[in-house]
Every structure is written in C-alpha cells, then in structure tokens.
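Undergrad: Starting off with a structure, shown below.
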Amino acid sequence: MLLSAFSMLLAAVQPAPTKLVVAHRGASGYAPEHSQQAYEIALSQHADVLELDLVVSKDQQLLIRHENELSLSTNVAERAEFASRKTNKIVDGLPITGWFAEDFTLAELRSLRLRETKANERPHNIRLNDRWPLLSLQDFLTWNAQQWQQGKRFGVYMELKHPTYFLHQAGSFRADTAELLRRQLKAQPLPSGQQLYLESFEAEPLKRWHAWREQFSFPIHLVQLLGDVSGGGVLPKDNFAYAWDQVYQVQQNQPTTGKVPTYADMVTVEGLKVVASYADAVGPWRDNLYPYAGGPVAPWVQQVKTLGLKIHPYTYRAEDSFRQVTPAGIRQSLCEELTWLFQQTWLDGLFTDQPDIALQARSGNCPATSANSIK
C-alpha cells in the first residue's frame, strides 16, 4: 500500500531530465506541424516537452500556428469562400501576401485543414495533408489535461508570435497576446507539476510575464529567443536580426535618427545582463552556435552560462538540407551531431522536429557508423 502511494506521488510530478528534448511544433518531422497527430507522435516517442506557437484570431482567440499567414500550412488558398480575404500586409517589416489568421474567426479557422510546410524536404508527409483541423490554445489545453489524467508527463513550450505586430501594427486590428495567454491560463491552468516554458523573440512580453508568473501555481520558465546574431538577416530583405519590440520603440521615439538594435547587441556582456534580469534561458539559432559538431562554439555562450541562464537552441532536423558539413566535407547525421551536442556542458535542452532521434542521441544509442554520413 505504501509503495502504491509513493508511486502515485512520483507520477504527479513531471520528470526533469538535465537536457530537455523539445518536440518542435510536435514531432513535425512525421506529421504536419502543430497537428494533434504531431503532438501524439511526440508523446509516443517520449519527448520531454511539446512546443506550440501562438497567433490570434479575429475574435481574440489564441490559435496554434507558426505564422499568422496561413497559405503555407493550411488549405485556405483552395477555399473559394475565402478568396476575397487574400491581402497584403507588413509583418515585422516584411511585405507578405496571403491569408492572415487575424482576419478569420476561430470557427472559420477550425474549418481549415493542415498541410505539410516542408513538402520539398518531406514529400512522405504530403499524404497526410488535409486530415486534421487547426487547434486553438483552448483545444490543446483540454487535450493536455486529458493526457495528464492518463498519467503522461511532459512539459509545454509556448511561443508568442509577433506580439508587437498584433498589439500595435496590424492595421485596425489590435490584440494583446501576452494578456490573452494570461487569461487563458487562468481559465485553464496547467496541471499541478507541469512545467511551462514561455518563449518569445521579443523581450516586452517576457518582462510582463516575469511579473505575472507568481499568479500561477505551476512553474513558468521564461526564454528569450535569439534571431541571427551574426550581422546577417537585415532589412529590407530579412528581419531575422531584429527583436521587433525594440525596432518599434525606436520607430516611435527616434524614427529618423535612432539606431535600430539587433540580436547581436543582445549577446554582448551588457545585453545578456539585461536578458538575465527577466529571463531564465536563451534560445539561440543553432547556426549561430557552431559551424559543425565538434567545431568552435560562439564565445558569448560562456557569458550566458556565467549569468546563470540556460541554453535551448533551435532547430534540429534530420533531412539532408538541414545537416551540417565538416571542413573535411563529411555531412553529419542528426544523431551524430546531437550525440556530440548532448556531451556539451553548456547545453540544457534543444528543439527538434524528430524527438526520437534526439532521445536516441541523448542515450548514446546512435549507430556506430551512420549510413547518413556522406561526402
């Protein structure tokens, strides 16, 4: 009887592996991203954490999508009744043409069906197109609670996408996604013991959540995502170098003379001290960390660890086009790269589209010689 009670107590607490495997948009290497199937596959593979991105609908409902533009990830372009909704917008400095979540009600969005977003790299997933509906955050939280009731234990990673755009720059539309998330998690709190990792490429929503997290009974970890710190990814062709809340502040206060900060400023000694004042971790782009497994690691990584921040890089994928190449011309398999990565003391977790391969690497069970290692 005592043993049974002790087992139940252990089951109520989420395990905390030292180096997390985060299922990026679910197990998105095996099913369309953010589909219920992708999340279920990730759980069947025993991922530590499920990741979901959040945008917002016309009726102020949080929706699980990576982009607010819907034509890549859904069948919206083939829905004749929505043809007139196609439009042009400027999102975080870049012109985009398509169909946008904020122009549809949640009921309309639920009528769409999901599609593989990397069809060229994952042609085997095209057969799964148009099977599953979009999920709202409410849908996911209901499903999440059911999984915990069945004894499954995992964390949740949530990203607020384009918060400054939705709050200030989406035309006549306005949505405070940070506040909408606070309200949703008040209405549907996570199960006791489940870990929440809240991430954003912008600092302002994380600073607000730094003050709010005491309102919740479940643990909340704040993660500052980092775009390109190399000096690339700049406007007018790209926006990956900028935290858009900082760009907006400069545009409002010094529209003609102000220097627009970049993520390169965020990884300076002073920049990282600011990050450490509100965040618990950083999520850097894998391509900024090292050129190949075994290669030199970015010097600012040591400062991140000195400040007590954890490091969760993104995104690790198995397909050929995403694999790194050594100076000797060896194309490294994902399992080989991650085996090396899990041995690095600075690593605390990572995002991957193939959680099963990451877990294999974490346990040291990659094949001794990989058929994927080709010149």
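Undergrad: Give the percent of DSSP beta bridges with both residues in the chain that are antiparallel, rounded to the nearest 5.
TA: Numbers: 15 of 43 bridges.
Expressed as a percentage, antiparallel bridges in the chain total about 35.
Undergrad: Label TYR278 and ASP59 with points 7 Å out from Cα along Cα→Cβ: what is the distance between them in nm?
TA: 3.2 nm
Undergrad: Additional query: What ³J(HN,Hα) values, in whole Hz, does the Karplus curve 6.51 cos²θ - 1.76 cosθ + 1.60 give for the range 158-174 when θ = phi - 60°, with x put for Gly and Pro?
TA: 10, 10, 7, 8, 6, x, 5, 4, 5, 7, 10, 10, 9, x, 6, 7, 9
Undergrad: Do any GluC sites (Glu not before Pro) in the range 280-359 lie in a DSSP loop with no more than 16 other beta carbon atoms within 10 Å, and if so, which? Could you put the intermediate results ahead of the total?
TA: Values: sites: GLU319, GLU336, GLU337; in loops: GLU319.
Passing both the DSSP loop test and the Cβ count: GLU319.
Undergrad: Taking the chain as a Gaussian network, Cα atoms linked when under 10 Å apart, which of LEU350, LEU235, LEU222 shows the biggest mean-square fluctuation?
TA: Most flexible of the set in this elastic network: LEU235.
Undergrad: For GLU159, enumerate residues with amide H under 5 Å from its amide H, sequence gap 5+ or separate chain, H modeled in the peptide plane.
TA: HN-HN under 5 Å from GLU159: LEU52, ASP53, LEU54, GLU199.
Undergrad: Which of the aspartates and glutamates could a cross-linker span from LYS89 if the Cα-Cα distance has to be under 17 Å and same-chain partners fewer than 8 positions apart are dropped?
TA: Cross-link targets: GLU67, GLU69, GLU102, ASP103, ASP238.
Undergrad: Sticking with this one: Residue by residue, what Karplus-based ³J(HN,Hα) values in Hz, rounded to whole numbers, does the range 22-34 have, using 6.51, -1.76 and 1.60 with θ = phi - 60° and x for Gly and Pro?
TA: 9, 6, 6, 6, x, 7, 6, x, 10, 7, x, 4, 6
Undergrad: Mind checking which aspartates and glutamates have their Cα closer than 13 Å to the Cα of LYS152? Skip sequence neighbours fewer than 8 apart in that chain.
TA: GLU40, ASP48
Undergrad: Out of the range 97-173, which trypsin sites (Lys or Arg not before Pro) are coil in DSSP terms and have no more than 14 other C-beta atoms within 10 Å? Don't skip to the answer; put the middle values down first.
TA: On the way: sites: ARG110, ARG113, ARG115, LYS118, ARG127, ARG131, LYS152, ARG153, LYS161; in loops: ARG115, LYS118, ARG131, LYS152, ARG153, LYS161.
Within the range 97-173, the qualifying trypsin sites (Lys or Arg not before Pro) (loop, at most 14 other Cβ atoms within 10 Å) are ARG131, LYS152.
Undergrad: Mind listing the long-range amide H neighbours of GLU33? Cut-off is under 5 Å, sequence gap 5 or more, other chains count too, H placed in the peptide plane at 1.01 Å from N.
TA: Long-range HN contacts for GLU33: THR117.
Undergrad: Among DSSP beta bridges whose residues both lie in the range 66-199, state the antiparallel percentage, nearest 5. Can you show the working numbers first?
TA: Details: 9 of 13 bridges.
Once the DSSP bridges in the range 66-199 are tallied, antiparallel ones form about 70 percent.
Undergrad: Considering just Cα atoms, how many Å³ per residue does the convex hull of the chain enclose? Walk me through the numbers before you get to the answer.
TA: Values: hull volume 59.8 nm³, N = 375.
Enclosed volume per residue, from the Cα hull, is 160 Å³.
Undergrad: By counting other Cβ atoms within 10 Å of each Cβ, how are ILE64, ILE126, ILE96, ILE41 ranked from fewest to most?
TA: Values: ILE64 24, ILE126 12, ILE96 15, ILE41 20.
The most exposed by this proxy come first: ILE126, ILE96, ILE41, ILE64.
Undergrad: Something else now. Name the lysines eligible as straight-distance cross-link partners of LYS273: C-alpha to C-alpha under 17 Å, and not fewer than 8 places from it in the same chain.
TA: LYS207, LYS305, LYS310
Undergrad: Amide H neighbours of LEU20 under 5 Å, at least 5 residues apart or on other chains, H built in the peptide plane: list them.
TA: GLY349, LEU350
Undergrad: With labels modelled as points extended 7 Å from the Cα through the Cβ direction, what inter-label distance (nm, one decimal) is found for ARG208 paired with LYS186?
TA: Placing both labels 7 Å along Cα→Cβ, they lie 1.3 nm apart.
Undergrad: Step through the residues of the range 131-143 one at a time and calculate ³J(HN,Hα) from phi using the Karplus curve (6.51 cos²θ - 1.76 cosθ + 1.60, θ = phi - 60°), rounding each to whole Hz and writing x for Gly and Pro.
TA: 8, 10, x, 5, 10, 8, 4, 4, 4, 5, 5, 5, 4
Each reported figure results from applying straightforward, stated rules to the coordinates on display, with no laboratory input. This one's a predicted model, so the numbers in the text were calculated from it and none came from an experiment. Methodologically, a virtual Cβ is constructed for each residue, glycine included, from the backbone with ideal geometry; neighbour enumeration extends over all protein chains shown.
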